[in-house]
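Undergrad: Before I ask anything, let me first share the structure, which is written out below as structure tokens.
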Amino acid sequence: MAEKNHRTTQSSDADAKKTLQIPEMITVGDLAAKLDLPVVKLVGELFRNGIVATVNQRIDFDTAQIIIEELGLDVTVEKKIAAEEPAVTHEIELSANAQPRPPIVAVMGHVDHGKTTLLDNILGMKKVEGESGGITQHISAYQTERKDRKITLLDTPGHEAFAALRQHGATLTDVVIIVVAADDGVKPQTVEAIKFARTANAKIVVAINKMDKETANPQLVKTQLATEFGLNPEEWGGDTVMVEVSAKTGMGVDKLLDMVLLVADMEDLRADSDVPAEGLVIESNLEQGRGAVVRILISNGTLKVGEYFVAGSTYGRVRTLQDFAGQTLKEAGPSTPATITGFKEVPEFGHRIEEVKNEREARNLAAKNYEEKVQSTAGVNITGSDLLKMMNRQVEQQHAEFVVKADVQGSLTSVVDSLKLLETDEVAVKIIASGVGNISEGDVRLAQSSDAVIYGFNVTLPAQVKQLAARARVEIRLFNVIYELLDDARAEMEKLLPEEVVETPVGELEIKGVFRTTKNEIICGGLVKSGKLTPGILARIWRGGSRNVQRTDDESDNENELKRKGGELLGEVEITSVQREKAEAKEVFEGEMCGLNLRLQSVAIDPETKTEVRTGKYTMEIGDRVEAFTRELKKRAL
């Protein structure tokens, strides 16, 4: 009895071991430990299914379940429910002595709706003439005064490729001016700007621009915004400020600034000026003789020359401090856009910058941020859908490899992100390397080793690098307008797509007689039922059924013949000659009798699946159909 109880206990223990609880996300190493498997075996199984994973990479619950089934393990997997943790956000705590600060206003809108021209009018500058392609390519910060009060303005790109820049611009701001052309109405980037503004909890002021045009229709713009996006103008009883302006003539611009200040006053914007500075990196680049040049926006505190600071995984000491116009500053307070030098490396745009006491603290904090970045990179999540996509892929994926260099960090991020969006199931985008600054000899050598194309955005190509690239046969392409770069990359990716087989029906003939059959040739005659037949084209021989009928679900391909609903494909032939009344003919038409010389092909292509099928030997009979067609290879587009 005791022995029986002991066996029962062992059995129960075995059953208990078959159930494994794992969280929503788990590293490959942890899963291997729970399964009591060598981690190499688990990594190998992932690799066989198309996923290149490391021991520290995280996979989701569904992926773990699929891999366990693939390994044939007798384990039941259950999802472990973890307690929800509140999201951690960085909030600035203000003291009782906090003072009013200038509002930070982002100017957003669709391409060519006039937002940069509006800024020109406000600032008395001519920015738009310096923008490549007439569109904003960078995020920029400025400051103006209205009635002895300062207003900080952010100009954000309107082209769709700069979505990341616009999103960062919105998170910095208190008020968003959405510029909509009165003669064009709401457009895709207008919708995106509204979304970003709402996500950032920023107040929205609409500038209905181009009122100087005869085709201006402000009522249409107001109706679109009210009915489609819930932005009801104040004159209609809503709470959204809408101002009709003309950036070209200056009409309504002063009123627009007054309304921005009024909206800002309702928010009671304040900041401390006597505390360590905090802010955000809005742009960064490398300049010869100056090193990393970084444009920042101070959100709280005051930054002075000589202070130490940290931004992400890099740090430095303020060597020079300038305003947006290049004038030297002694200090930069809340809501002030400034340009600083002194960084050890170029920081990424959107990173928070914070002042610290000394170099040791700066170095330690930067090192800590770097470690967190490395861990998060190693822990890129792999989901079950990613794995299934890899397992079910029917064709081998091609890789378009690029090296990307840009003038500033924000543009680099936008270009790289936009290139990745071009990726398809058939062509993947692989960024071999990317960086800020001019194209170097190291970039050329790297591109040569991986057969990559180098893209430069708003950068120059030194003569010695150009010569090296020519010797190494490396393609270097320079662009100043992002959508031109993306069009070129798309064309480069299209070269990797396999050509598409395009078949065009030409004519159909019904066999009325078979005169001779050899191993490689059939001589027959018949009536042209439709279209025309000419020498030198291909044809399929069908028995029974009708043209273009579809295969039923319960029928399958056979190695020797393809069956169709009511008919079967005997094989594929080439029409080598056509005769009309025993004389050679260049073509015969519907309703005519003719003779055909057919050269047999060993392989036929299934017109439905476009796959090759071996047809074997067959004998043609009266009543069979000859379907003639042309076949050509056509280049495909993404």
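Undergrad: Please work out if LEU165 is surrounded by 22 or more Cβ atoms within 10 Å (Cβ to Cβ), at pLDDT below 50 and part of a helix (DSSP H, G or I).
TA: So LEU165 fits the description; yes.
Undergrad: Being crowded, with 19+ Cβ neighbours inside 10 Å and farther than 12 Å from ALA332 by Cα is the filter here; which residues of the range 296-311 pass it?
TA: TYR308, PHE309, VAL310, ALA311
Undergrad: OK, next. For the range 491-500, name all the residues that are outside any strand (DSSP E or B) and in contact (Cβ under 8 Å) with a residue 12 or more places away in the chain.
TA: Hits for the range 491-500 are GLU492, MET493, GLU494, LEU496, LEU497, PRO498, GLU499.
Undergrad: Output the number of the condition that ALA247 fails; it satisfies all remaining conditions of (1) over 30 Å from LEU269 (Cα atoms); (2) at pLDDT below 90; (3) in contact with a strand residue (DSSP E or B) (Cβ under 6 Å, 6 or more places away or on another chain).
TA: (1)
Undergrad: Then there is this: Within the range 178-218, count every residue that is in a strand (DSSP E or B) and open to solvent by 40 Å² or more (accessible area, probe 1.4 Å).
TA: Result for the range 178-218: 1.
Undergrad: Next up: PHE324: part of a loop (DSSP other than H, G, I, E, B), in contact with an Asp or Glu (Cβ under 9 Å, 6 or more places away or on another chain) and modelled with pLDDT under 90, yes or no?
TA: No.
Undergrad: Another question, if that's okay. From the list ASP15, ASP74, exactly one residue is in a helix (DSSP H, G or I), over 30 Å from GLU372 (Cβ atoms) and modelled with pLDDT under 80. Which is it?
TA: ASP15
Undergrad: Next question. Please find, among ARG540, ARG516, the residue that is farther than 30 Å from VAL429 by Cβ, among the basic types (Lys, Arg) and touching a Pro at 6+ places or on another chain (Cβ under 9 Å).
TA: Matching residue, one of ARG540, ARG516: ARG540.
Undergrad: Hey, among the residues in the range 251-282 that are in contact with a Ser or Thr (Cβ under 7 Å, 6 or more places away or on another chain) and within 27 Å of ASN121 (Cβ to Cβ), which one's modelled with the highest pLDDT?
TA: GLY252
Undergrad: Also: Out of everything in the range 327-379 that is in a strand (DSSP E or B) and open to solvent by 70 Å² or more (accessible area, probe 1.4 Å), what residue ends up being modelled with the lowest pLDDT?
TA: ARG352
Undergrad: A follow-up question, please. In the range 265-293, what residues are part of a strand (DSSP E or B) and open to solvent by less than 20 Å² (accessible area, probe 1.4 Å)?
TA: ALA271, GLY279, VAL281, ILE282, GLU283, SER284, ASN285, ALA292, VAL293
Undergrad: Continuing with the same structure: Would you mind telling me which numbered condition in (1) out of contact with any strand residue (DSSP E or B) (no Cβ under 9 Å at 6 or more places or on another chain); (2) at pLDDT 85 or above; (3) over 28 Å from ARG101 (Cα atoms) ASN232 fails?
TA: In the conditions (1) out of contact with any strand residue (DSSP E or B) (no Cβ under 9 Å at 6 or more places or on another chain); (2) at pLDDT 85 or above; (3) over 28 Å from ARG101 (Cα atoms), ASN232 misses (1) alone.
Undergrad: Another question, then. Taking the range 243-264 on its own, how many of its residues are assigned to a helix (DSSP H, G or I) and open to solvent by 80 Å² or more (accessible area, probe 1.4 Å)?
TA: Selection size over the range 243-264: 3.
Undergrad: A further question follows. For the range 479-490, give me the residue count where each residue is touching a residue at least 40 places away in the same chain (Cβ under 8 Å) and not aliphatic (A, V, I, L, M).
TA: The qualifying residues number 4.
This table checks each residue for (1) closer than 30 Å to GLU401 by Cβ; (2) open to solvent by 10 Å² or more (accessible area, probe 1.4 Å); (3) assigned to a strand (DSSP E or B).
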position: ALA489; (1), (2), (3): yes, no, no
position: VAL502; (1), (2), (3): yes, yes, yes
position: PRO505; (1), (2), (3): no, yes, yes
position: LYS512; (1), (2), (3): no, yes, yes
position: ILE522; (1), (2), (3): no, no, yes
position: VAL528; (1), (2), (3): no, no, yes
position: GLY531; (1), (2), (3): no, yes, yes
position: PRO535; (1), (2), (3): no, yes, no
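The values are calculated or read from the model by the stated rules, or taken from the named source; none is laboratory data. Predicted, not measured: the structure shown is a model, and the values here were computed from it. When we count neighbours, we look across all protein chains shown, and the Cβ atoms used for this are built from the backbone with ideal geometry, even at glycine. Ligands, DNA and RNA are excluded from the accessible area calculation, which covers all protein heavy atoms including side chains. Shrake-Rupley method; radii C 1.70, N 1.55, O 1.52, S 1.80 Å.
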